[in-house]
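Please read the structure below before turning to the comments.
Quick note: the coordinates plus some simple rules give every number you see, no bench work behind them. Keep in mind it's a predicted model, so treat the numbers as computed, not measured. All Cβ positions, glycine included, derive from the backbone under ideal geometry; neighbour counts span all protein chains shown.
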Amino acid sequence: MADAEPGPRRSDRSPWNWLLILPVVVPLLTFLFNKDKPRLAGFPFFYWMQFAFIVLGVGCTTIVYLMTRRPSGGADVSASSASSAAETKED
Amino acid sequence: MSGRHTTELVIFIVLFLIVSAMGFVAARWRRPTTMQSLDEWGLGGRSFGSWITWFLVGGDLYTAYTFVAVPALVFGAGAAGFYAVPYTIVVYPLVFLVLIRLWSVSHVHGFVTPADFVRARFGSSTLALLVAITGIVATMPYIALQLVGIQATLEAMGVKGHWPLIIAFAILAAYTYQSGLRAPALIAFVKDLLIYVVILVAIFYIPHKLGGWSHIFGAAQAKFDKTPAPTDGTLLNHNNQLNYAMLALGSALALFLYPHSVTGVLASKNRNVIKRNMAALPAYSFLLGLIALLGFMAIAGGIKPVAGGNGKPDGNTVVPLLFDHVFPSWFTGVAYAAIGIGALVPAAIMSIAAANLFTRNIYKEYFRRDATPSEEATVSKLASLVVKIGAVLAILLLDPQFSIDLQLIGGVIILQTLPSVALGLVTRWFHRGGLIAGWVAGMAAGMWMLYRIPNPATKKLHFGGSAYPLSDIGIDTKMTVYVGAIALAINLIVAVLATVLLRALRTADGVDITRADDYVADEGDPKVVQGTREVEEGLAT
């Protein structure tokens, strides 16, 4: 890729994106929920907890969507300047 | 045929005819000036908003086969079959940031298939061809399996013979040919509403009839305690926990690599539609979890699966039989129609996706470089017919078990396109030769491991499942791992090593005609006129 190429005027970078890691990792940690007790309405913990993880997934994804939503049409100037500031810091 | 079955069948046929009519009318829905382009026929004009996309992608990902096979798995193995729930939780946050990039770059460049993107990103028609063929091979058995869903309900209603299935698929083929992606998009509304109603009723009504949830889980545990198999039960055990997590993650990584998932994503009108859907689609996961529990209800209800085409008890029949057992006949008819119609939506989208891959990445690339958009649409329509005929023949002429085995393989092989498609969306670091080498290595390793897995339950020596026992390579443990994840790891290692090597040897790499800004473009941003980037980059031939 050409070095001379200008960086994107917009960016998907946002600290909120880190929140997406939570619902990706937690449902895979079987040792956390592979138990029978406590039961909820007759459901073993294994089952109702995994249903609860759906709520976790929806919650995290919704927050990230709301916090990174672009105003319709055109470039999001404030977001892009904020992200370029973040990039400078990382360098 | 009993009176009960007649009621069921009448309801089934009436609902089936209603959605078939909708399929044909769909060509006029949000009517385009012409249907003769892949953007219109194959992607519904790239104009679907949040609601349509939610129903379309929901109907696309959560297929009739899923609704029949997941409870069948839970019926047979217990907790291990519940992996479908973490799988469909993990997938959306996992692909959230990648899919919006795919949408943007496809919007700018007019990509219709994942292989179109790979072609432009890595400048390699060979790599694009591999991605296209992988997609077609992985999708074909999936389409065939949708027929298994219809067949299971027809069998439960006492309908014999192949003709009903052939007629159903002929109607599906006709309206997909005419209306393209608009047909499944419109039908998905009816399909999903039916499924939601049936499952919500089932989940309250059946436990009430069977004596409550405690009793249902108790009956399931009692059944698993009696079997000699070490890996079943209402909880996971020491040996299959790792496999459970790997299967969930591997399946999640694979889901949006399937061409039909990409079709649903590219048909949406902007990035916010995709983001909103990543947050809203887990509603279907909730439904899927409830459906999975139907497997335990079938155990508590004393359901015995009937013999399938090969004479062995067919687990896929437990859900239809359970409905028949507990519901009044008219509602059983509605439930069967929900499963039957549920098969039509994904079958239509999958055949469109496979047809688009053939048209764009094989026909246009290798046979007709200057094919017009109208010609592309015609080729795709015909290809969608061929795909469906192939699926019907596969189910009628071959043992359905063959399609099930192929679908299992499908998940493993589609994962091998991850470095090119998913990682390609994030980085251009890989060399095209490295990606090809990785694909070859991952495929070979995956096939070898699948070949080595026997299934004692069906007395098969090979291709008996996707859980690879580590003892096979001499590790002293009973643990199993998911083949797809291991094959992908090998793929990645080879791709990285080969890339480093090819760079060191200064082997020519393809030219990337996409730019960083293309990946964040949104609705209303200018599109690239085909060919101009190649001219700018000095690639015009």
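A few comments on the model shown:
- Rounded tilt (10° steps) of B:432-451 against the dominant C-alpha axis of chain B: 20 degrees
- Size of electric dipole in the protein assembly as shown: Cβ of Lys, Arg +1 and of Asp, Glu -1, about Cα centre, debye, nearest 20: 760 debye
- About the Cα centre, charge dipole magnitude for segment B:53-406 (Lys/Arg +1, Asp/Glu -1 at Cβ), debye: 640 debye
- The fewest-to-most ranking of B:LEU9, B:LEU357 by surrounding Cβ atoms within 10 Å reads B:LEU9, B:LEU357.
- Listed residue (B:ALA292, B:LEU321, B:ALA279) projecting farthest to the positive dipole end of segment B:53-406, Cβ model: B:ALA279
- When the Cα atoms of segment B:38-130 are aligned to their principal axes, the ranges along those axes come out at 46, 32, 24 Å in descending order.
- Comparing B:LEU43, B:THR532, B:SER20 along the charge dipole axis of chain B, the residue lying farthest to the positive side is B:SER20, per the Cβ-charge model.
- Of the Cα atoms belonging to segment B:252-321, the radius of gyration and Dmax stand at 17.8, 50 Å.
- Helix B:182-210 vs. chain B, principal-axis angle (Cα, 0 to 90°, nearest 10): 30 degrees
- Segment B:353-393 and segment B:53-78 have Cα centres separated by 28 Å.
- Ranked list, fewest to most other Cβ atoms within 10 Å of each Cβ, for B:MET297, A:MET67: A:MET67, B:MET297
- Look at the alpha carbon pairs under 8 Å that are at least 6 residues apart: their mean separation over the length of segment B:455-524 gives a relative contact order of 16 percent.
- Once backbone amide H atoms are built at 1.01 Å from N, B:ASN455 has B:LYS460, B:LEU461, B:HIS462, B:GLY464 as its partners under 5 Å, excluding neighbours fewer than 5 places away on the same chain.
- Sites listed here are trypsin sites (Lys or Arg not before Pro) in segment B:157-257 whose DSSP assignment is loop and whose Cβ has at most 15 other Cβ atoms within 10 Å: B:LYS160.
- A crude spin-label estimate for the pair B:ARG428 and A:LEU32, with each label 7 Å from Cα along the Cβ direction, gives 3.8 nm.
- Rel. contact order, % - alpha carbon contacts under 8 angstrom, at least six apart, segment A:15-69: 46 percent
- Between B:VAL426, B:PHE117, B:ILE11, the Cα set farthest toward the positive side of the dipole of chain B (charges on each charged residue's Cβ, about the Cα centre) is that of B:ILE11.
- Estimated dipole of segment B:230-318 in Debye, rounded to 20 [Cβ of Lys and Arg +1, of Asp and Glu -1, Cα centre]: 440 debye
- Within-11-Å neighbourhood charge of B:GLN36 [Cβ basis; K, R +1; D, E -1]: -3
- Rounded if a/c under 1.5, otherwise prolate or oblate - chain B, Cα gyration tensor axes: oblate
- Ellipsoid semi-axes in whole angstrom, largest first, where each is sqrt(5λ) of the Cα gyration tensor of segment A:15-69: 27, 12, 5
- Chain B: angle of helix B:64-77 to the longest principal axis, Cα-based, in degrees nearest 10: 60 degrees
- Long pairs among B:LYS160/B:LYS223; B:LYS269/B:LYS388; A:LYS37/B:LYS275; B:LYS191/B:LYS527; B:LYS209/B:LYS275, criterion Cα-Cα beyond 30 Å: B:LYS160/B:LYS223; A:LYS37/B:LYS275; B:LYS191/B:LYS527; B:LYS209/B:LYS275
- Note: relative contact order over chain B, using C-alpha pairs below 8 Å and six or more positions apart, is 30 percent.
- Ellipticity estimate at 222 nm from DSSP helix runs (n ≥ 4, -39,500 (n - 2.57)) divided over chain B, nearest 500: -22000 deg cm²/dmol
- Pairwise Cα inverse-distance average, inverted: Kirkwood Rh of the protein assembly as shown (Å): 25.2 Å
- Förster-model FRET efficiency, 45 Å R0, B:LEU396 and B:TYR196, C-beta, rounded to 0.05: 0.90
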